[in-house]
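Shown below is the structure under consideration.
The values are calculated or read from the model by the stated rules, or taken from the named source; none is laboratory data. In this text, all values refer to a predicted model and were calculated from it rather than measured experimentally. For neighbour counting, all protein chains shown are included, and Cβ atoms are generated from backbone atoms with ideal geometry for every residue, glycine included. SASA here: full protein model, heavy atoms, side chains in, ligands and nucleic acids out. Shrake-Rupley method; radii C 1.70, N 1.55, O 1.52, S 1.80 Å.
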Amino acid sequence: APGSLGSLKAFAKAFGTPEEDNMRRLHARVFGSDGLPPLALRRLKKDVARDLPAKTRSLLPLEMPPLQADLYDDARAKLETGRKGAFLKMLHHIRTVSVHPDLTSEAEDRAFIALSARLRAAFRILEEIRARDERALVFIEHRQMQYRFIELAKAAFGLRNVDLINGETPIRQR
């Protein structure tokens with residue numbers, strides 16, 4: 001919808017500073033709550049998957065292993081001192097490091113999991129779920145980790161198949 005958010009200059013002037021009021025206006029414009037047709041659609045779990053239990057959130061504080069912590073601190077320092085144009089790239093890098101410090105590592109499964117606080121926490125939780133004979137739905141934003149996680153879960157829990165649902169999954173299979 002070209003022009004729906006104005007020119008680049010007008011957009012930068014209106015929304016360049018992330019303040020609560022202008023972010024609320026931008027959200028209203030993008031999702032159509034301003035009376036105009038929406039520019040984006042967002043499906044919510046409560047609207048499309050009513051049979052799932054309510055979401056619960058639990059904090060599981062876990063210290064990052066040394067390699068992960070060092071890379072994370074280094075990425076944060078670069079983000080704080082970097083140019084504006086590099087901001088998104090460094091933010092993505094921080095998010096990647098917080099998932100795992102070396103996604104391309106060919107370490108054996110236990111060693112790979114041990115390198116990441118998030119993976120250690122995830123597998124600890126999955127062990128509890130398995131002990132209760134329940135099922136789990138795991139959301140992983142990082143595409144490369146999705147595939148590695150499937151292999152790790154299959155090996156750890158003796159599973160033959162773990163379904164992957166992401167943007168590449170045909171709609172009928174989701």
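Residue under question is Glu80, and the condition is that it be assigned to a helix (DSSP H, G or I), open to solvent by 70 Å² or more (accessible area, probe 1.4 Å) and of a type outside the set (A, V, I, L, M, F, W, C); does it hold? Explain how you work it out, then say what you get.
Working: assigned to a helix (DSSP H, G or I): yes; open to solvent by 70 Å² or more (accessible area, probe 1.4 Å): yes; of a type outside the set (A, V, I, L, M, F, W, C): yes.
When the stated conditions are applied, Glu80 passes them.
When you check Arg120 against the structure, is it of a type in the set (Lys, Arg), more than 22 Å from Ala156 (Cα to Cα) and touching a residue at least 12 places away in the same chain (Cβ under 8 Å), yes or no? Quick ask: steps written out before the conclusion?
On the way: of a type in the set (Lys, Arg): yes; more than 22 Å from Ala156 (Cα to Cα): no; touching a residue at least 12 places away in the same chain (Cβ under 8 Å): yes.
It is false that Arg120 is of a type in the set (Lys, Arg), more than 22 Å from Ala156 (Cα to Cα) and touching a residue at least 12 places away in the same chain (Cβ under 8 Å).
A follow-up question, please. Given (1) in contact with a helix residue (DSSP H, G or I) (Cβ under 8 Å, 6 or more places away or on another chain); (2) in a loop (DSSP other than H, G, I, E, B), where does Ile94 come up short, assuming only one miss?
Only one criterion is unmet by Ile94, namely (2).
Please go through region 79-103 and pick out each residue that is polar (S, T, N, Q) and free of Cβ contacts under 8 Å to residues at least 12 places away in the same chain. Before you say what the answer is, go through the steps one by one.
Of the residues in region 79-103, the ones polar (S, T, N, Q) are 81, 96, 98.
Selection gives Thr81 alone.
Which one of the conditions (1) in contact (Cβ under 8 Å) with a residue 12 or more places away in the chain; (2) exposed (fewer than 15 other Cβ atoms within 10 Å of the Cβ); (3) within 18 Å of the chain's Cα centre (by Cα) does Leu59 fail to meet, given that it meets all the rest?
It fails just one condition, (1).
Hey, could you check region 83-108 for residues that are exposed (fewer than 14 other Cβ atoms within 10 Å of the Cβ) and acidic (Asp, Glu) and say which is modelled with the highest pLDDT?
Glu108
What helices (runs of 4 or more DSSP H) lie completely within region 106-174 and have 1 or more residues being under 23 Å from the mean Cα position of the chain (by Cα), of a type in the set (Lys, Arg) and under 19 Å from Thr56 (Cα atoms)?
Values: elements: 109-114, 117-131, 143-157.
Fully inside region 106-174 and qualifying: 117-131.
Please enumerate the residues belonging to region 150-174 that are open to solvent by less than 80 Å² (accessible area, probe 1.4 Å) and either of a type in the set (D, E, K, R) or in contact (Cβ under 8 Å) with a residue 12 or more places away in the chain (or both).
Within region 150-174, Ile150, Leu152, Ala153, Lys154, Ala155, Ala156, Phe157, Val162, Leu164, Asn166 meet the criteria.
Which of the residues that make up region 34-56 are of a type outside the set (Gly, Ala, Ser) and surrounded by 10 or more Cβ atoms within 10 Å (Cβ to Cβ)? Reasoning before the result, please.
Filtering region 34-56 for residues of a type outside the set (Gly, Ala, Ser) gives 34, 36-39, 41-48, 50-53, 55-56.
The answer is Asp34, Leu36, Pro38, Leu39, Lys45, Lys46, Leu52.
Do you know which residues across region 1-33 are open to solvent by 70 Å² or more (accessible area, probe 1.4 Å) and in a loop (DSSP other than H, G, I, E, B)?
Within region 1-33, Ala1, Pro2, Thr17, Pro18, Glu19, Ser33 qualify.
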